[in-house]
1. Of everything in region 387-401, what is open to solvent by less than 10 Å² (accessible area, probe 1.4 Å) and within 23 Å of R28 (Cβ to Cβ)? Give them in sequence order.
2. Considering every residue within region 213-234, establish whether at least one is within 30 Å of D378 (Cα to Cα), touching a residue at least 24 places away in the same chain (Cβ under 8 Å) and open to solvent by 10 Å² or more (accessible area, probe 1.4 Å).
3. When residues of region 174-212 are filtered for being open to solvent by less than 30 Å² (accessible area, probe 1.4 Å) and either touching a His at 6+ places or on another chain (Cβ under 7 Å) or farther than 30 Å from V374 by Cβ (or both), how many remain?
4. Return yes or no: is N341 in a helix (DSSP H, G or I), crowded, with 20+ Cβ neighbours inside 10 Å and within 16 Å of the ligand (Cβ to nearest atom)?
5. Those residues that are open to solvent by less than 10 Å² (accessible area, probe 1.4 Å) and away from the ligand (no atom under 16 Å from the Cβ), I need them from region 77-116; list them, please.
6. Among the residues of region 51-63, which ones are surrounded by 19 or more Cβ atoms within 10 Å (Cβ to Cβ) and more than 20 Å from Q165 (Cα to Cα)?
7. Output the residues belonging to region 117-133 that are within 13 Å of the ligand (Cβ to nearest atom) and of a type outside the set (F, W, Y).
8. Do you know which residues across region 33-50 are open to solvent by 60 Å² or more (accessible area, probe 1.4 Å) and farther than 14 Å from C166 by Cα?
Amino acid sequence: MRVSQQRLQNDLEAIGRFGRLEKGGYSRLAFTEPDRQARNWLQQQMRDIGLDVSIDALGNIRGRREGKQDLPPVLIGSHLDTVPEGGNYDGIIGVLAGLEVIRVLNEQTIKTERPIEVVNFSAEESSRFSVATLGSKAMAGKLAPESLQSLVDKEGCTLQQALHQCGYSGEPAAARIAPGQLHAFLELHIEQGPVLEAGNVDVGIVTAIAAATRFRVTIEGRADHSGNTPMGMRKDALAAASEIVLGVEQICGKEAGERTVGTVGYQHISPGAMNVVPGRVELGIDIRDVKMADKDVAVAKVIALMKGVAQRRDLKIDYQQLCNDQPVELSPKIIDCLQKNADQLHLSSLQMPSGAGHDAMNLVGLTDVGMIFVPSVDGVSHNVAEFSRMEDICRGSDLLLHTVLQLAQE
Ligand SMILES: [Zn+2]
């Protein structure tokens, strides 16, 4: 029993009509017109394959295929929204694979014990409202009601307004589901990294999802004339920042955990002129790990580094911690189930952590959660060049199909 490459290809092309950019790539930001078109398309597809469609207060769309018994369902899916100038694979293939699983079961006239539901989570990308995975957060009871007003896009539109424009009530409590209401959740997603392709591996079986600790750092030195200020009498904020950049690389690469990663992703230098010693630098540090203890080690060392640099260079370094999130481990039961099915399907596989966040992480605690990764060509994602091969998408979808079937018969 296999998924149909042709049907998956057709769906990928169909969804690609919404938000396609003339210069290449896709912009389908949450709750914008292209996203609404994609949502309407999905609902129609769900009805066409016999699913009962329901939409919650945050606009999460669920299509249900009944089982023989009225038991908690197996939920599968991902998200259809994209970043600006993104690709047509991140999130999308997880929803389309869900539809394809249902089609195969229909075709084979297989009636499972448990219901199966396909989901499209709302606003997975943080591009519009600065916070990611809004729909799945609400489902898990992790979205504060204040967020409806406090989250605002670049045009000043609140999350509440955006939801109302789409006809959703927006009340987070109404979207919430209780532990025990789902039997399992499975998400198929592109890897968004280079590991699977480099190792020539068919599928990734995700073991854990990393979480970030982020700092906004301000370094106050002194802007001086670049000609008249001797080297020993400067308070160069950029030189201090440079020590921090290299320090973060050293700490996360060599002095913390095996999987720790650290990035200084931006720097704003002022005044930013060739003939002025930089007086002030703002920078952003992002540290991630799948193990909280290892992340804590890295974070403590980076804080000590900043204090040391400030003291030695006699300038002021302030930092604001923007988040300190907890990594999650995925269900050993589902990892085992995915591994056995991958072996049976003769797919080469790799158990690996995810460095990026996904809707799946919010459902940990509510039910058993698993994720399948499909190779990303050149590891590129959140970019118009994002691409995954149809054959790879089909391999991952086959693994999803067989695992869902197994879980739905329990
Ligand atoms: Zn995604």
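1. Hits for region 387-401 are S388, I393, G396, S397, L400.
2. Yes, because at least one residue in region 213-234 is within 30 Å of D378 (Cα to Cα), touching a residue at least 24 places away in the same chain (Cβ under 8 Å) and open to solvent by 10 Å² or more (accessible area, probe 1.4 Å).
3. 3
4. Criteria not met by N341.
5. Answer for region 77-116, where residues must be open to solvent by less than 10 Å² (accessible area, probe 1.4 Å) and away from the ligand (no atom under 16 Å from the Cβ): L99, E100, V101, I102, V104, L105, T112, P115, I116.
6. L51, G63
7. N120, S122, A123, E124, E125, S126, S127, A132, T133 - these are the residues of region 117-133 that are within 13 Å of the ligand (Cβ to nearest atom) and of a type outside the set (F, W, Y).
8. Q44, R47, D48, listed by residue number.
The values are calculated or read from the model by the stated rules, or taken from the named source; none is laboratory data. All values reported here derive from a predicted model rather than from experimental measurement. Please note: Cβ atoms are built from the backbone with ideal geometry, for glycine as well, and neighbour counts cover all protein chains shown. Accessible surface areas use protein heavy atoms only, side chains included; no ligands, DNA or RNA. Shrake-Rupley method; radii C 1.70, N 1.55, O 1.52, S 1.80 Å.
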